[in-house]
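The values are calculated or read from the model by the stated rules, or taken from the named source; none is laboratory data. Just so we're clear, the structure is a prediction, and the values are computed from it rather than from any experiment. Note that each Cβ is placed from the backbone with ideal geometry, even for glycine, and that neighbours are counted across all protein chains shown. For accessibility, only protein heavy atoms count, side chains too; no ligands or nucleic acids. Shrake-Rupley method; radii C 1.70, N 1.55, O 1.52, S 1.80 Å.
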Amino acid sequence: MIDRIDLLLTGIGCLVTPVGNAPHRGQAMSELREIPQAAIAMRDGLIALAGPESDVLNGLGGAAVAETLDAGGCLAAPGLVDPHTHLVHAGSREHELALKRAGMPYLDILAQGGGILSTVRATRGASARELYEKAYRSLDIMLLQGVTTVEAKSGYGLSLETERKQLRAAKLLNDAHPLDIASTFMGAHAVPAEYKGRTDEYADLVCEMLPRIAEEGLAEFCDVFCEHGVFTVEQSRRILLAGRRCGLHSKIHADEIESLGGAELAGELGAVSADHLLAASDEGLRMLAANGVIPVLLPGTSFNLGLNRHARARDMIDKFNLPVSLATDYNPGSCPTESIQLVIMLASLNLKMTPEEILTACTINAACAIGRGHRIGTIEAGKQADIVLFDAPNLAYLPYHFGVNHAYGVIKNGQAAVWNRQIVKPRSNSGEGTP
């Protein structure tokens, strides 16, 4: 029997959600529960009741309700999950825009000391507080877009000292900001300038970093950029297995530019996710499906790089029965945007995904891509009360009416974090808990 409710959300025009804790594969990505004229009751940061408003109100009986909010007919969906970002970094790289527009390939920019290596220099030179402040501002933007959980990779340090600095900033942000952060160690994001021509030696150094990262509890996942000119399949395997021995789950930047075998490696290792996948082979996709690996597609990156090809989302869904997820890939080089709603539009335009598939990809499948499907990603009793309210008449309106922020409100852990498109509880000026 329910005796107390902390927050009652009424006046929902329609509640739209996937159901269950497992990733939704293939055609099941289109299966959503839709409840018109709905309400959600929350207690202790969790969903207590969700369904037709009349049923929820009847289910409360004589329970005391501390606060009631009227959704004003908004569309309610699970809080969005961004499972691939490079959140903590310093600097920006707008000076590379002309090179990209002139057609210079990314790997050529990298070879000239630009790209990732440019951000490495800036991040190494930044203070912990500078990294924290910049990332906090980005988290605010994500929250206003409807994101309630985000994955954050290191990988702009390429040294133990700076990798730890990035991951420590993410850990502090997880405590201080309303968004939840899942941290990923990505010391194998590039080969630093001081190890140029000695990739094997640097791969050994990354393996040596891993126990320190794990001992301090700074990361849940280990990621590697498996790509021509960066880390080979064998080097990637060595690093990910070293991470696994330290208790870190595997993720892979796989087959972004060339079909190198990253997807096959992700399948072989049973990685949590394989990300990018623009050049993934059919065999690689089959191995992902056979071994429960979640593809994380990043349409903002191919869009920003002006590529003529995109990840084969339709094949992944229709042919390979994969549980596709979506992410921003927010980073200062190939995809400098925090906008998950831009990704929603691009998934419709370039990946040919339906609105239902897109919502599943941004909620339960994205949650499973960071090991949190049992806690978030759906609006169901017992799940964490993370909810976004869109000022939209239906789901198809989100990719249709693009270039605007549809998120009217965000409920995080059962409390209003955004209302009327404004952050409800802005950061205090005390500086407590910051670096």
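Rounded to the nearest Å, what's the spacing between the alpha carbon centres of the stretch 188-266 and the stretch 55-95? Just the number, please.
34
Around Ala128, under 13 Å between beta carbons, what's the net of Lys plus Arg minus Asp minus Glu among the other residues?
+3
Residues of the stretch 321-336 with amide nitrogen under 18 Å from the 7 Å Cα-to-Cβ point of Ala22?
Residues 321-325 fall inside that zone.
Only Cα pairs under 8 Å and at least 6 apart count here; give the relative contact order of the stretch 302-435 as a rounded whole percent.
For the stretch 302-435, the relative contact order is 17 percent.
What is the set of long-range amide H partners of Val65 at a cut-off below 5 Å, with H atoms built 1.01 Å from backbone N?
Ile5
Under the 0.36 nm per residue contour assumption, what length would be gained going from the current alpha-carbon distance of His95 and Arg124 to full extension?
Computed gain between His95 and Arg124 is 8.5 nm.
Once label points are set 7 Å from the Cα along Cα→Cβ at both Glu283 and Leu57, what is their separation, rounded to one decimal in nm?
6.2
Suppose a student asked you for the relative contact order of the stretch 1-119, using Cα pairs under 8 Å spaced at least 6 residues apart; what percent would you report?
30
Taking θ as phi - 60°, what are the ³J(HN,Hα) couplings along the stretch 54-63 by the Karplus curve (6.51, -1.76, 1.60), each to the nearest whole Hz, with x for Gly and Pro?
5, 5, 5, 5, 5, x, 6, x, x, 4
Averaged over all directions, how much area does the convex hull of the C-alpha atoms of the stretch 61-180 cover when projected, in nm²?
11.3
If you count only protein heavy atoms with a 1.4 Å probe, what accessible area per residue comes out for the stretch 82-160, rounded to a whole Å²? Working shown, then result.
On the way: 2730 Å² over 79 residues.
Roughly 35 Å² per residue, with all protein chains present.
Work out, step by step, the length gained on full extension between Leu107 and Ile2: first 0.36 nm times the residue separation, then minus their alpha carbon distance; give nm to one decimal.
Value of the extension gain: 32.0 nm.
Determine ³J(HN,Hα), in whole Hz, for all residues of the stretch 27-37 in sequence, where each value follows from phi through the Karplus function 6.51 cos²θ - 1.76 cosθ + 1.60 and θ = phi - 60°; x replaces Gly and Pro.
For the stretch 27-37, the Karplus-derived couplings read 5, 5, 5, 8, 8, 10, 8, 10, 10, x, 6 Hz, x marking Gly and Pro.
Per-residue HN-Hα couplings for the stretch 352-362, Karplus 6.51 cos²θ - 1.76 cosθ + 1.60 at θ = phi - 60°, whole Hz, x for Gly and Pro?
Result, ordered by residue: 6, 8, 7, x, 5, 4, 5, 4, 4, 5, 9 Hz.
Straight distance only, please: which lysines reach the Cα of Lys352 with their own Cα at less than 17 Å, same-chain residues fewer than 8 apart left out?
Partners found: Lys319.
I'd like to compare 42-49, 252-259, 350-357: which one has the highest average count of other Cβ atoms within 10 Å, and what's the full order after that? Please report the intermediate quantities before stating the final value.
Values: 42-49: 18.8, 252-259: 24.8, 350-357: 20.2.
Ranked by mean Cβ neighbours within 10 Å, highest first: 252-259, 350-357, 42-49.
From the Cα gyration tensor of the stretch 280-345, with a ≥ b ≥ c the square roots of its eigenvalues, which class applies: rounded if a/c is under 1.5, or else prolate if a/b is larger than b/c, or else oblate?
Here the stretch 280-345 falls in the prolate category.
When the accessible area of the stretch 1-138 is split by element with a 1.4 Å probe, what percent falls to carbon and sulfur?
53
Using all C-alpha to C-alpha distances in the stretch 101-241, build P(r) with 10 Å bins and read off the rounded percent in each one.
12, 39, 34, 15, 1
With the contact rule set at Cα under 8 Å and sequence spacing of 6 or more, what percent relative contact order holds for the stretch 274-363?
Working: 126 pairs, mean separation 25.8, N = 90.
It rounds to 29 percent for the stretch 274-363.
May I ask you to compute the full-extension gain from Glu161 to Tyr195, defined as 0.36 nm times their residue separation minus their alpha-carbon distance, rounded to one decimal in nm? Before the final figure, lay out the partial values.
Values: separation 34, 0.36 × 34 = 12.24 nm, distance 1.61 nm.
So the chain would gain 10.6 nm between Glu161 and Tyr195.
To the nearest 0.05, how large is the calculated FRET efficiency for Asn291 and Arg375 if R₀ is 35 Å and r is the Cβ-Cβ distance?
About 0.90, to the nearest 0.05.
If you count only protein heavy atoms with a 1.4 Å probe, what accessible area per residue comes out for the stretch 335-380, rounded to a whole Å²?
On the way: 1130 Å² over 46 residues.
So the stretch 335-380 comes to 25 Å² accessible per residue, rounded to a whole number.
Any idea how far apart His228 and Arg314 come out in nm if each label point goes 7 Å out from Cα toward Cβ?
Between His228 and Arg314, the simple spin-label model gives 2.7 nm.
Give me the dipole magnitude in Debye, nearest 20, for the stretch 79-121 about the Cα centre, with unit charges on the beta carbon: positive for Lys and Arg, negative for Asp and Glu.
100
State the label only: which of (i) 149; (ii) 132; (iii) 118 corresponds to volume of the Cα convex hull per residue in Å³ computed from the shown model?
It is the value labelled (ii).
How big is the antiparallel share of DSSP beta bridges in the chain, given as a percent to the nearest 5?
Among the beta bridges of the chain, antiparallel pairing accounts for roughly 45 percent.
Using only helices, what value at 222 nm comes out for the chain when you add -39,500 (n - 2.57) per DSSP H run of length 4 or more and divide by the total residues, to the nearest 500 deg cm²/dmol? Walk me through the intermediate numbers first.
Details: 15 runs with 143 residues, N = 435.
Mean residue ellipticity, 222 nm, calculated: -9500 deg cm²/dmol.
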